Amino acid sequence: MKKLIIICDSNFALDVKLIVDSIQEYWQEQNWKLPYTFHGYVCADYAKLKLNDKVLPILGTAEEWSPQQDETFAMAIVDPTKKKYYVELLKEKGAHFEVLWAPWVLAPLTMKFEEGCIIAAHSIKEGAKIGPFVTMFHCMLGAATIGEYSSIMAFSNITTATLGSQIYVAPNSFVFERINISNNTTIGANSVVVKDIKASGYVSGIPARRVRKISEERK
Amino acid sequence: MQDIIIACAGTYGVELFNEITEINKKADRDNTPIPYRILGFLSDVKVDLSKRGIKADILGTVQDWIPKGEEKYVIGLSRPAQKKKVSDLLKRKGAKFENIVSVYSKVSQDIIMGEGCFITGGSFVSCGVRIGDFVNINGSMIYAGAQIGNYSTTTGFTVIEDARIGDGVFVGSKAVVINGCTVSDWANVSAGSVVTEDVRPGVTVFGMPAQEIG
């Protein structure tokens, strides 16, 4: 029986824990045996995890953690560049990452997810190709291809687009059919992407246009 | 079995009625004791409930009703100011209120909820959330660590990340409140807006990024 450790840098860790709890409930109902149990949280160095004056069981920081033989990890960091940094850090020390597949996902039975994915989507159709370490949280997919280390957040709809690696799709956004999105872009909240995105950067609006981020405009 | 009276028989009161009957049906299917029995509605206005497809009695008006016995009340209104009026009225007469959580929503066990709340189907409420009294959550997604004050409503497909929402806030459809923002008391967030900074009390915001109107 392995110990599941969630690596986090914000309150999103609790959302991942809710997914783990619902997976455990579902497997108990079906009389299957889960190969892991939840052990605790390991947070990044810069994170201050305070949740309504309640202290979470934090076991240590990710920079100093040395993974043991009986531990598996789940990656609850949403920002793609930080995700890549911590995954590579821990993989050098020999960590193994778990796939979390929530019970409410409607996906074809032949679907296989690669290492470290957190799949809590509404529906995934046949023909979708999903890379490793992708976080999908309450979204809808057609037959899309998604590169590694991307995260797609709540209520967004990617129909049949091809996304590159390290892409962040903010909540409530929509991407049209057969659109190519290059690596390292962020798609802003409530935006509708109509044309191809050929260079990295920040894109938002209806229709989506290249925009400078608000915090940079202030400076 | 808990007796329930629904205050105000508008469209929202009818939705409450339907959700409570769904909860009872599910308990029946799972062979657990049926939790609720609806005694009827309270309505100040003459309403023909058979047009809405419901068979229920109207027991009296909200103004003149005197609570007695062990029944609990739920409020069938969604605007924050109206909710506050009716709940103050009934509370002065000693009424108690019940939380209703729909069968089609996913709500974690780890939350703090006040009284008189209603969470409809399709919503997802994560761990560590603090919800006040008389809050309506209609099919929205509330991430871990958020706080929602008394009398607020959130409508369909809104996403509230790690934010603080005050008392009496009405959040329109498809709005997104980004990490770390505070929406102060009695503000309005219009439909489709993306809130990236703090919102002052009593103000209406619109757009992406959200800016004050008027």
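Each reported figure results from applying straightforward, stated rules to the coordinates on display, with no laboratory input. If you're wondering where the values come from, they're calculated on a predicted model, not measured in any experiment. Don't worry about glycine lacking a Cβ; one is built from the backbone with ideal geometry, like all the others, and counts go over all protein chains shown.
Working from the alpha-carbon coordinates of segment A:1-126, get Rg over Rh, Rh being the Kirkwood radius. Mind dumping the intermediate values first?
Values: Rg = 14.8 Å, Rh = 15.4 Å.
Computed over Cα atoms, the ratio is 0.96.
Just to be sure I follow: if Rg is taken over the C-alpha atoms of chain B and Rh is the Kirkwood radius over the same atoms, what is Rg/Rh? Display every interim value, and only then the final one.
Numbers: Rg = 17.5 Å, Rh = 17.8 Å.
Rounded to two decimals, Rg/Rh equals 0.98.
Given Cβ point charges of +1 (Lys, Arg) and -1 (Asp, Glu) and nothing else, what value in debye, to the nearest 20, does the dipole of segment A:73-188 about its Cα centre take? Each step should come with its number before you reach the end.
Values: 9 positive and 9 negative charges, 13 e Å.
Dipole magnitude for segment A:73-188 comes out near 60 debye.
How many nm is it between the label spots at A:Asp196 and B:Asp88, if each spot is 7 Å from the Cα in line with the beta carbon?
Going from the A:Asp196 label point to the B:Asp88 one covers 6.1 nm.
Note down the relative contact order for chain B as a percent, whole number, built from C-alpha pairs under 8 angstrom at least six residues apart. Could the numbers behind the result be given before it?
Details: 564 pairs, mean separation 24.2, N = 214.
Dividing the mean separation by the residue count of chain B yields 11 percent.
Taking all pairs of different Cα atoms in segment B:123-168, averaging 1/r and flipping that mean, what Kirkwood radius in angstroms comes out? Write down the numbers at each step before the final one.
Details: mean 1/r = 0.0986 Å⁻¹.
For segment B:123-168, inverting the mean 1/r across all distinct Cα pairs yields 10.1 Å.
Cα-Cα pairs above 18 Å in segment A:99-176: how many percent? Each step should come with its number before you reach the end.
Working: 759 of 3003 pairs.
Tail of the P(r) past 18 Å holds 25 percent of the pairs.
How big is the Cα convex hull of segment B:85-172 in projection, averaged over all directions, in nm²? Mind dumping the intermediate values first?
Details: hull surface 21.0 nm².
With every direction weighted equally, the projected area is 5.3 nm².
Just to confirm the number: angle between the C-alpha axis of helix A:80-92 and the first principal axis of chain A, 0 to 90 degrees, nearest 10?
40 degrees
Using the crude model of +1 on Lys and Arg Cβ and -1 on Asp and Glu Cβ, and no other charge, please compute the dipole size for the protein assembly as shown relative to its Cα centre, in debye to 20.
Values: 47 positive and 47 negative charges, 178 e Å.
Computed about the Cα centre, the dipole is about 860 debye.
On a 0 to 90° scale, report how tilted helix B:11-29 is relative to the longest principal axis of chain B, with both axes built from alpha carbons and the result rounded to the nearest 10.
70 degrees
Under the rule a/c < 1.5 gives rounded, and otherwise a/b versus b/c splits prolate from oblate, where does chain A land using the Cα gyration tensor?
Oblate, since a/c reaches 1.5 and b/c is not below a/b.
What Rg and what Dmax come out for the protein assembly as shown when only alpha-carbon atoms are used, in angstroms?
23.2, 72
Averaged over A:9-21, how many beta carbons belonging to a partner chain fall within 10 Å of each residue's beta carbon?
Working: counts 0, 7, 11, 7, 4, 9, 10, 3, 6, 11, 1, 0, 4.
Average per residue, whole number: 6.
Can you give the average number of partner chain beta-carbon atoms within 10 Å of each beta-carbon in peptide B:151-162, as a whole number? Mind dumping the intermediate values first?
Details: counts 0, 0, 0, 0, 0, 1, 4, 4, 11, 2, 9, 4.
Per-residue shielding by partner chains comes out at 3.
Once the Cα atoms of helix A:12-29 and of chain A are each reduced to a long axis, what angle between those two axes, in degrees from 0 to 90 to the nearest 10, is obtained?
Computed tilt is about 60 degrees.
Would you work out the relative contact order for chain A, in percent, from Cα pairs under 8 angstrom that are 6 or more residues apart?
11 percent
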